[in-house]
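Peer 1: Here it is, the structure, as structure tokens.
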Amino acid sequence: MMPRVLFSTGWFDILLRQPDRTGDFSMDTFEGKMKELLPVKKEERWRVYDRAKGACICPSCPSYSMCAQGNGEVLFCIMGMSFRCIRDDAGCTCPKCPVYLEMGLSKKDYCMKGSEKDQRWEKVFG
Ligand code: SF4
Ligand code: SF4
């Protein structure tokens, strides 16, 4: 059974909101979450990210490395690609992650290709 992401306060309440509460049906789930985060202060965002890291399943992925573990690198879908620790593609388990579902993500290989936001942006301009 898929583990649930237990978000208690702050951003996590924001994450659990549905984008259609904004009344904007043109946005997908990820776009809605990002839009709701825009007015959130950076300090609160960092707290949110720190809590979300606990739900990231990257450490059990075959592409994850000892280097990434040593540097505490996770949550690549939001934080962006691995700075220098992951370069060998041995597969990506992101679609099985609870964060993937909660955030409405659609890409993968975030540690090697960049965050969801970056990959979507590249598609627009690529
Ligand atoms: S979707 Fe991938 S990068 Fe994002 S938290 Fe889950 S396992 Fe980590
Ligand atoms: S982003 Fe995907 S490929 Fe990279 S470590 Fe996480 S699950 Fe594996």
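The values are calculated or read from the model by the stated rules, or taken from the named source; none is laboratory data. Note that this is a predicted model, so its numbers are computed, not measured. Glycine gets a Cβ as well: all are built from the backbone with ideal geometry, and neighbour counts include every protein chain shown.
So that you can scan it fast, the table gives a plain yes or no per residue for (1) out of contact with any Asp or Glu (no Cβ under 6 Å at 6 or more places or on another chain); (2) at pLDDT 90 or above; (3) within 10 Å of ligand 1 (Cβ to nearest atom):
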site: 23; (1), (2), (3): yes, no, no
site: 34; (1), (2), (3): yes, no, no
site: 40; (1), (2), (3): yes, yes, no
site: 43; (1), (2), (3): yes, yes, no
site: 46; (1), (2), (3): yes, yes, no
site: 51; (1), (2), (3): yes, no, no
site: 66; (1), (2), (3): yes, yes, no
site: 75; (1), (2), (3): yes, yes, yes
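Peer 1: Which of the residues belonging to segment 68-96 are assigned to a helix (DSSP H, G or I) and within 22 Å of residue 29 (Cα to Cα)?
Peer 2: 76, 77, 78, 79, 94, 95, 96
Peer 1: Can residue 99 be described as surrounded by 14 or more Cβ atoms within 10 Å (Cβ to Cβ), within 11 Å of ligand 2 (Cβ to nearest atom) and not in a loop (DSSP other than H, G, I, E, B)?
Peer 2: Considered against the rule, which asks whether it is surrounded by 14 or more Cβ atoms within 10 Å (Cβ to Cβ), within 11 Å of ligand 2 (Cβ to nearest atom) and not in a loop (DSSP other than H, G, I, E, B), residue 99 comes out as yes.
Peer 1: May I pose another question? Regarding residue 41, is this residue among the basic types (Lys, Arg) and surrounded by fewer than 16 Cβ atoms within 10 Å (Cβ to Cβ)?
Peer 2: yes
Peer 1: In addition: Which residues, counting only those in segment 110-119, are within 9 Å of ligand 1 (Cβ to nearest atom) and not aromatic (Phe, Trp, Tyr)?
Peer 2: The answer is 111, 115, 116.
Peer 1: Given the conditions (1) outside any helix (DSSP H, G or I); (2) over 12 Å from the mean Cα position of the chain (by Cα); (3) of a type in the set (A, V, I, L, M), report the number of the one that residue 105 does not fulfil.
Peer 2: Here residue 105 clears every test but (2).
Peer 1: Still on this structure, I have one more. Do you know which residues across segment 47-98 are aromatic (Phe, Trp, Tyr) and out of contact with any helix residue (DSSP H, G or I) (no Cβ under 6 Å at 6 or more places or on another chain)?
Peer 2: Residues satisfying the conditions are 49, 83.
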